[in-house]
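Okay, so here's the structure we're looking at.
The values are calculated or read from the model by the stated rules, or taken from the named source; none is laboratory data. Given the structure is predicted, the values throughout are model-derived calculations rather than measurements. A quick note on method: Cβ atoms are made from the backbone with ideal geometry, for glycine too, and the neighbour counts reach across all protein chains shown. Ligands, DNA and RNA are stripped out before the accessible areas are found, and what is left, the full protein with its side chains, is counted by its heavy atoms. Shrake-Rupley method; radii C 1.70, N 1.55, O 1.52, S 1.80 Å.
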Amino acid sequence: MFLYNSNQTIVFYILKSFILCFIVAISITLAFDYFYTLPNESPTENITFYDVLGGSFVSPVIETLIIFILISILGLFIENRNIKAIMVAVFMSYLHSLAVPFWGVISLFSFFVFSISYLVWSEVKIWLGLLSSVSIHFLLNFTSLIYVYIGQFYYL
């Protein structure tokens, strides 16, 4: 699978990873919506374009630094990168579920991808690992936040 392969351009890796995360997130949302009534977990106040930028740029950087720290600590005890990525994804998804429970469910796979991308590309260079994780996360957050932002003005 391409997720474990750094023998490609990082741009295509990031785009393919984003598309994979997007498809999985949409699929999970549609499946949950079909079987359950999803609660309205939208912000009670309108978001601004600055919220979109902050959630797209600042959050991925901070969360990637947390991923970096967690993977570094886990690396002292665990060699298997899948196990490290799963543990980090579960922890980060748990943190997201504290804000909004459904966010924890929907973000689990994405955090696995962010962690794997860091682990794969950091074997080439640490900064490439950080860049790949932040970039995938940015694209995913920006896509969802711009949808919410535009949705405030139009019924989507």
| message | I need the full set of residues from region 137-151 which are of a type in the set (A, V, I, L, M, F, W, C) and either touching a residue at least 12 places away in the same chain (Cβ under 8 Å) or in contact with a helix residue (DSSP H, G or I) (Cβ under 9 Å, 6 or more places away or on another chain) (or both), in order please. | response | PHE138, LEU139, LEU140, PHE142, LEU145, ILE146, VAL148
| request: Mind listing whichever residues of region 85-102 are more than 11 Å from LEU70 (Cβ to Cβ) and touching a Ser or Thr at 6+ places or on another chain (Cβ under 6 Å)? | output: SER93, HIS96
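Would you say SER132 is open to solvent by 10 Å² or more (accessible area, probe 1.4 Å), among the small types (Gly, Ala, Ser) and in a helix (DSSP H, G or I)? Lay out the reasoning, then the answer.
Numbers: open to solvent by 10 Å² or more (accessible area, probe 1.4 Å): no; among the small types (Gly, Ala, Ser): yes; in a helix (DSSP H, G or I): yes.
Taking the combined requirement at face value, the residue does not satisfy it.
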